[in-house]
Amino acid sequence: AIENLDVWLATFEKEATRRGATVLYAETAEQASKLVVDIAKKHDVKKVIKSKSMVSEEMQLNRALEDAGVIPVETDLGEYILQLANDPPSHIIAPAIHLTKEQVSDVFEVKHERPRRTDIPGMCQEAREMLRGHFVTADMGISGANFIVAETGSTLIVTNEGNGRMVTTLPRVHVAITGIEKVVPTLEDLSTLIRLLPRHATGQTISNYVSVTTGPQREGDSDGPQHFHIILLDGGRTKL
């Protein structure tokens, strides 16, 4: 795929566009952030919910959104904890692995203004309760993409939490951001990679959720965004 990157990206753009998505390219991280902010302004977005995205960290996207008056809310549990703590992620899979549960408890007590809890199931439930309102009131969802599929114009996220599916289906606008190197030619190629990825990342046989998104909501669909934008970032990848 890398050897024929131009071909597969062009194919992806053609197929994604044919299915109703808008494909945009950004040469730099700053340009990618500006594209997201422009989309938010175009659709009068006040609040954004995010599924975990390393590319959005590369872009410093939350800061760009805040500067534009848009509230970003991380919904991955680790990223949510770090957003409350104003702390950057320390690991690509487990971003808050450097914090103890007592430190997380301290953050929750201050930010949630609730009685302090130290039991992990209770703390997870508390985070769910705090996030639920954001899921149903956000105007835009932002996700990354572990892979994009040229033959169908689809983006795909692989997660172990259910938040990614709410981020990509509940808000009226969905923006998927990823690097240009994530393109694969076919769904068959993808089937190999989604077996390799969880083994390499976490030692699992399979991830809890594999979610494929293809175009915006169609007539007769029960859910999905009205608008679907895909931003493909170079950010030095071509040079590399």
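Anything in the stretch 184-239 that is surrounded by fewer than 19 Cβ atoms within 10 Å (Cβ to Cβ), in contact with a helix residue (DSSP H, G or I) (Cβ under 9 Å, 6 or more places away or on another chain) and among the hydrophobic types (A, V, I, L, M, F, W, C)? List them, or say none.
Within the stretch 184-239, I206, V210, V212 qualify.
Please determine, by comparing only the residues of the stretch 128-147 that are within 20 Å of H229 (Cβ to Cβ) and out of contact with any Leu (no Cβ under 8 Å at 6 or more places or on another chain), which one is surrounded by the fewest Cβ atoms within 10 Å (Cβ to Cβ).
Among those that are within 20 Å of H229 (Cβ to Cβ) and out of contact with any Leu (no Cβ under 8 Å at 6 or more places or on another chain), it is D139.
If you check every pair at least six apart or on different chains, which have Cβ atoms under 8 Å apart with a residue in the stretch 206-218 that is within 21 Å of I231 (Cα to Cα) and of a type outside the set (G, A, S) first and a residue that is open to solvent by 70 Å² or more (accessible area, probe 1.4 Å) and assigned to a loop (DSSP other than H, G, I, E, B) second?
Once the first residue is within 21 Å of I231 (Cα to Cα) and of a type outside the set (G, A, S) and sits in the stretch 206-218, its partners that are open to solvent by 70 Å² or more (accessible area, probe 1.4 Å) and assigned to a loop (DSSP other than H, G, I, E, B) give T214/R19; P216/Q226; Q217/D223; Q217/Q226.
Residue by residue through the stretch 1-35, note down the ones that are in contact with a strand residue (DSSP E or B) (Cβ under 6 Å, 6 or more places away or on another chain) and under 25 Å from Y80 (Cβ atoms).
If the condition is that a residue be in contact with a strand residue (DSSP E or B) (Cβ under 6 Å, 6 or more places away or on another chain) and under 25 Å from Y80 (Cβ atoms), then A32, L35 are the ones that fit.
Touching a Ser or Thr at 6+ places or on another chain (Cβ under 9 Å), within 20 Å of H134 (Cα to Cα) and hydroxyl-bearing (S, T, Y): does that describe T168?
yes
Which residues, taken from the stretch 148-183, are crowded, with 21+ Cβ neighbours inside 10 Å, of a type in the set (A, V, I, L, M) and in contact (Cβ under 8 Å) with a residue 60 or more places away in the chain?
Hits for the stretch 148-183 are I148, V149, A150, I157, M166, V167, V173, V175, I177, V183.
Please find, within the stretch 85-95, the residue that is least open to solvent (accessible area, probe 1.4 Å) out of those that are of a type in the set (A, V, I, L, M) and at pLDDT below 95.
A94
So, restricting to helices (runs of 4 or more DSSP H) that lie completely within the stretch 22-88, which ones have at least 3 residues that are over 21 Å from E161 (Cα atoms)?
It comes to 29-42, 61-67.
One residue is enough: does the stretch 182-201 have a residue meeting the conditions of a type outside the set (A, V, I, L, M, F, W, C), modelled with pLDDT of 95 or more and under 18 Å from the mean Cα position of the chain (by Cα)?
yes
Quick check on the stretch 103-110. Is at least one of its residues open to solvent by less than 30 Å² (accessible area, probe 1.4 Å), without any contact (Cβ under 8 Å) to a residue 24 or more places away in the chain, assigned to a helix (DSSP H, G or I) and among the hydrophobic types (A, V, I, L, M, F, W, C)?
yes
Is it the case, given these coordinates, that T22 is surrounded by fewer than 15 Cβ atoms within 10 Å (Cβ to Cβ) and not charged (D, E, K, R)?
Taking the combined requirement at face value, the residue does not satisfy it.
Please pick out the residue among L82, L65, L77 that is open to solvent by 30 Å² or more (accessible area, probe 1.4 Å), farther than 20 Å from P216 by Cβ, of a type in the set (A, V, I, L, M) and at pLDDT 95 or above.
L77
The values are calculated or read from the model by the stated rules, or taken from the named source; none is laboratory data. Remember, it's a predicted structure, so these values are computed and weren't measured experimentally. Backbone-built Cβ (ideal geometry, glycine too); neighbour counts: all protein chains shown. To get the accessible areas, we keep the full protein, side chains included, count just its heavy atoms, and leave off ligands, DNA and RNA. Shrake-Rupley method; radii C 1.70, N 1.55, O 1.52, S 1.80 Å.
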